[in-house]
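Trainee: The structure under discussion is supplied below as C-alpha cells; questions concerning it will follow.
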C-alpha cells in the first residue's frame with residue numbers, strides 16, 4: 001500500500017483510536033521484491049505474441065501426435081541452437097478410471113467393424129489398427145505394464161523482431177511436422193502460455209493429450225550425450241547442453257587419440273591445453289614439434305626443449321639399444337632394433353631393393369658384432385656403434401657400392417653432424433619437446449622417425465604413465481616405413497602405459513596412407529575441429545558423420561568441433577582460463593605482445609638497494 005493511500009483514507013469514528021503509521025511500515029512498502037527486479041518495465045500482450053521489452057515471445061502447444069513415436073524425436077528441438085523455453089506437464093490418470101473408458105471405446109470400435117461386415121463393406125484398416133492398439137494397451141494397463149497420462153507440451157520462442165519469430169516458428173514446425181507432430185500457437189492465450197513455461201510449475205493452458213508410458217519416455221529431454229566422468233581432465237564444454245566434457249584417456253581400451261583440423265582452427269591450442277592439464281595428474285609428456293610451437297610451454301612448466309637440426313648440439317645415435325625389461329629377452333630387443341634400423345635406412349637412402357634390404361640387415365648385425373654386442377650381451381654395459389662403423393662394415397660387403405655412396409652424405413657430407421654422433425640428450429623430465437622446425441624438409445621424416453624411435457626405446461626402459469604427442473603427423477605418414485612405425489607405436493603403446501596423440505592438418509595425406517584408417521580405429525579419442533570443404537567428404541565417410549555434423553565442422557569457429565570418446569561423441573568448444581591462454585596461445589599477435597612484455601620486464605632497471613644507516 002502506497003503512502004498516498006494511507007493518507008487519503010477517511011478518518012475513523014471518534015470512538016476508534018487512530019493507529020499511527022510507523023516508519024518501518026512505510027519502508028517495507030517501498031522495498032523492491034525479486035519479481036520487481038527481474039520483470040520488464042511493461043508488457044504488451046497481442047493475440048499471437050507478448051512484447052517483453054526488447055524481446056518478443058510466442059508460445060505454442062503440441063496438439064497432435066502420430067500413432068508411433070520414435071526414440072529421441074524431441075531431441076532436435078531441445079538441442080536447437082536458439083533461445084527457447086520448453087515445459088512438459090505430466091498428469092497421471094488412475095488406471096481403473098481409464099480402463100472403464102477403454103471398455104466403452106473398444107465396444108464402439110468393435111461395433112463399427114461388425115456393422116461394416118454385415119453391410120458387406122471392405123474392411124477399414126484404420127478401424128482394425130485402432131482395435132488392435134486399444135486391445136494391446138488395455139492388456140498392458142491391466143497387467144500394470146503401462147500407465148496413461150495427460151501430457152501438455154508448451155514451447156516459447158524468443159526473437160528481436162516478428163520476422164525472426166516467424167522464421168523460428170517455421171523451423172520448429174517443419175522439424176516436428178516431419179515426424180507427424182503438430183503444434184499450434186496459443187491464440188489469445190499468450191499470457192497464460194508464457195506463464196506456463198516459466199519455472200513455476202503452473203499449467204495455465206491446460207491443453208493435454210493422453211499418452212501412455214512408452215511414448216512419454218521418448219519425450220525425455222536429456223538425450224544428448226554427456227562425456228563427464230569422475231576423473232580426468234577438462235577438454236571443453238558440450239555445446240548441446242553446456243555440460244563439461246571431462247575425460248581420462250587412460251581409462252579407455254587404448255590411450256591413443258587423433259586430431260584433424262585445418263590450419264588455424266585451434267588444434268595445437270587444444271593439444272597444449274590438454275598437455276598442461278595432463279601434467280597435473282602425474283603424467284610425463286613428450287612432444288615432437290615441427291613448428292616450434294611448444295617452446296614457451298616447455299619453459300613455463302620447467303621442461304626440456306631440444307632443437308634437432310644439422311647444426312644442433314643435440315644428437316641421437318640410432319644404434320642405441322634399450323635395456324630389456326624383466327619380461328623381455330635381449331634377443332627380442334636386438335631383433336626389434338635391427339628391424340627399426342632397416343626401416344630408418346629405407347627412408348635415409350630413398351628406398352631399398354630386396355637385395356639391398358638383405359645387405360643392410362646383415363650389415364647392421366655385423367656392426368653390432370663389431371662392438372661385441374650379441375643376444376647374450378648386457379646392453380647397459382656396451383658402447384653402441386655409430387653410423388660410420390656401419391658404413392665401414394657395409395663397404396666391405398659385396399654389392400654395396402651404391403648403398404655406401406648414398407650413405408656417405410650422412411657420415412662425411414653436410415648431414416654428418418646430425419646423425420653420426422653419440423647420443424647426448426636426456427629426457428628424464430616430466431615434459432620434453434623435440435623441435436624439428438629447423439631441419440630441412442627433405443630430412444624431416446628421417447628426423448621424426450629417429451626421434452620417435454629414440455623415445456620408444458626410452459619408454460620401454462621403465463613403466464610410467466606417458467603421453468607422446470606427434471604434431472603434423474602427416475610428415476610421418478608420407479613414407480610407408482615411418483607410417484608403419486607410427487602404427488606399431490599405436491598398437492604396442494598400451495603395454496607400456498603410453499598414449500599416442502597424432503595431430504594433422506593434411507587429412508587427405510593421412511588417410512591416403514594404408515596405415516591412416518588403422519591409426520584412427522586404434523584411437524579411442526578423436527577430435528575433429530573446423531574442416532576445409534576439400535577434405536570434409538572423406539572425413540564424413542571415415543567417421544560416419546551425419547549431414548548436420550558435416551556442416552557443423554564446416555561452419556565451426558576456432559576451437560569448436562566434435563569430440564569422440566569410445567562410442568559417444570558430442571559437439572565441443574575448447575575453453576581455457578586466462579593464465580592457460582597466456583601460456584599456450586599460438587596467435588601471432590598475442591605471442592608478439594607477450595614477447596614484448598617479457599622484454600620490457602627484463603630490460604627494466606633494477607630497484608635500488610636499500611640504504612642502511
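The values are calculated or read from the model by the stated rules, or taken from the named source; none is laboratory data. The structure displayed is predicted, hence computed values, not measured ones. Don't worry about glycine lacking a Cβ; one is built from the backbone with ideal geometry, like all the others, and counts go over all protein chains shown.
Trainee: Run residue 181 past the list (1) out of contact with any strand residue (DSSP E or B) (no Cβ under 9 Å at 6 or more places or on another chain); (2) crowded, with 19+ Cβ neighbours inside 10 Å and report the number of the one that doesn't hold.
Mentor: Unmet condition: (1).
Trainee: Could you check the stretch 109-128 and list, in sequence order, the residues that are assigned to a helix (DSSP H, G or I) and surrounded by 12 or more Cβ atoms within 10 Å (Cβ to Cβ)? Steps first, answer last, please.
Mentor: So the first thing to find is which residues in the stretch 109-128 are assigned to a helix (DSSP H, G or I), and the list is 109-118, 125-128.
Result: 109, 110, 112, 113, 116, 127, 128.
Trainee: Still on this model: Considering only the stretch 321-335, state which residues are buried (at least 17 other Cβ atoms within 10 Å of the Cβ) and either modelled with pLDDT of 85 or more or more than 37 Å from the chain's Cα centre (by Cα) (or both).
Mentor: Of all residues in the stretch 321-335, those buried (at least 17 other Cβ atoms within 10 Å of the Cβ) come to 321-322, 324, 330, 333-334.
Answer for the stretch 321-335, where residues must be buried (at least 17 other Cβ atoms within 10 Å of the Cβ) and either modelled with pLDDT of 85 or more or more than 37 Å from the chain's Cα centre (by Cα) (or both): 321, 324, 330, 333, 334.
Trainee: Is at least one residue of the stretch 28-45 surrounded by 10 or more Cβ atoms within 10 Å (Cβ to Cβ), at pLDDT 75 or above and in contact with a helix residue (DSSP H, G or I) (Cβ under 7 Å, 6 or more places away or on another chain)?
Mentor: Within the stretch 28-45 (the criterion being surrounded by 10 or more Cβ atoms within 10 Å (Cβ to Cβ), at pLDDT 75 or above and in contact with a helix residue (DSSP H, G or I) (Cβ under 7 Å, 6 or more places away or on another chain)), the answer is yes, since at least one residue qualifies.
Trainee: Okay, moving on. Do you know which residues across the stretch 473-502 are under 15 Å from residue 521 (Cα atoms) and free of Cβ contacts under 8 Å to residues at least 12 places away in the same chain?
Mentor: If the condition is that a residue be under 15 Å from residue 521 (Cα atoms) and free of Cβ contacts under 8 Å to residues at least 12 places away in the same chain, then 488, 492 are the ones that fit.
Trainee: Restricting to the stretch 527-552, give me the number of residues that are touching a helix residue (DSSP H, G or I) at 6+ places or on another chain (Cβ under 7 Å) and within 18 Å of residue 266 (Cβ to Cβ).
Mentor: Total satisfying the criteria: 8.
Trainee: Might you let me know whether the stretch 405-423 holds any residue that is under 30 Å from residue 302 (Cα atoms), over 38 Å from the mean Cα position of the chain (by Cα), loosely packed, with under 13 Cβ neighbours inside 10 Å and touching a residue at least 60 places away in the same chain (Cβ under 8 Å)?
Mentor: Checked against the condition, which is being under 30 Å from residue 302 (Cα atoms), over 38 Å from the mean Cα position of the chain (by Cα), loosely packed, with under 13 Cβ neighbours inside 10 Å and touching a residue at least 60 places away in the same chain (Cβ under 8 Å), the stretch 405-423 yields at least one hit.
Trainee: Further question on the same structure: Tell me yes or no: at least one residue of the stretch 470-488 is closer than 27 Å to residue 321 by Cβ and assigned to a strand (DSSP E or B).
Mentor: Looking for residues that are closer than 27 Å to residue 321 by Cβ and assigned to a strand (DSSP E or B), one finds at least one in the stretch 470-488, hence yes.
Trainee: Give me the helices (runs of 4 or more DSSP H) completely within the stretch 344-431, filtered to those with at least 3 residues that are over 30 Å from residue 272 (Cβ atoms), ordered by residue number.
Mentor: 354-370, 387-395, 401-411
Trainee: Among the residues of the stretch 129-166, what is the count of those that are closer than 30 Å to residue 217 by Cα and in a loop (DSSP other than H, G, I, E, B)?
Mentor: Count: 5.
Trainee: Quick check on residue 101: is it at pLDDT below 85 and either exposed (fewer than 15 other Cβ atoms within 10 Å of the Cβ) or over 22 Å from residue 167 (Cβ atoms) (or both)?
Mentor: The answer is yes for residue 101.
Trainee: I need the full set of residues from the stretch 174-213 which are part of a helix (DSSP H, G or I) and touching a residue at least 60 places away in the same chain (Cβ under 8 Å), in order please.
Mentor: Matches in the stretch 174-213: 175, 176, 190, 191, 193, 194, 196, 197, 213.
Trainee: Turning to a different aspect of this structure: Identify, by number, the condition in (1) on the phi < 0 side of the Ramachandran plot; (2) out of contact with any strand residue (DSSP E or B) (no Cβ under 9 Å at 6 or more places or on another chain) that residue 219 doesn't meet.
Mentor: Going through (1) on the phi < 0 side of the Ramachandran plot; (2) out of contact with any strand residue (DSSP E or B) (no Cβ under 9 Å at 6 or more places or on another chain) one by one, residue 219 breaks only (2).
Trainee: Got a number for residues in the stretch 266-292 being modelled with pLDDT under 90, assigned to a loop (DSSP other than H, G, I, E, B), over 22 Å from residue 441 (Cα atoms) and in contact with a strand residue (DSSP E or B) (Cβ under 8 Å, 6 or more places away or on another chain)?
Mentor: Of the residues in that region, 1 qualify.
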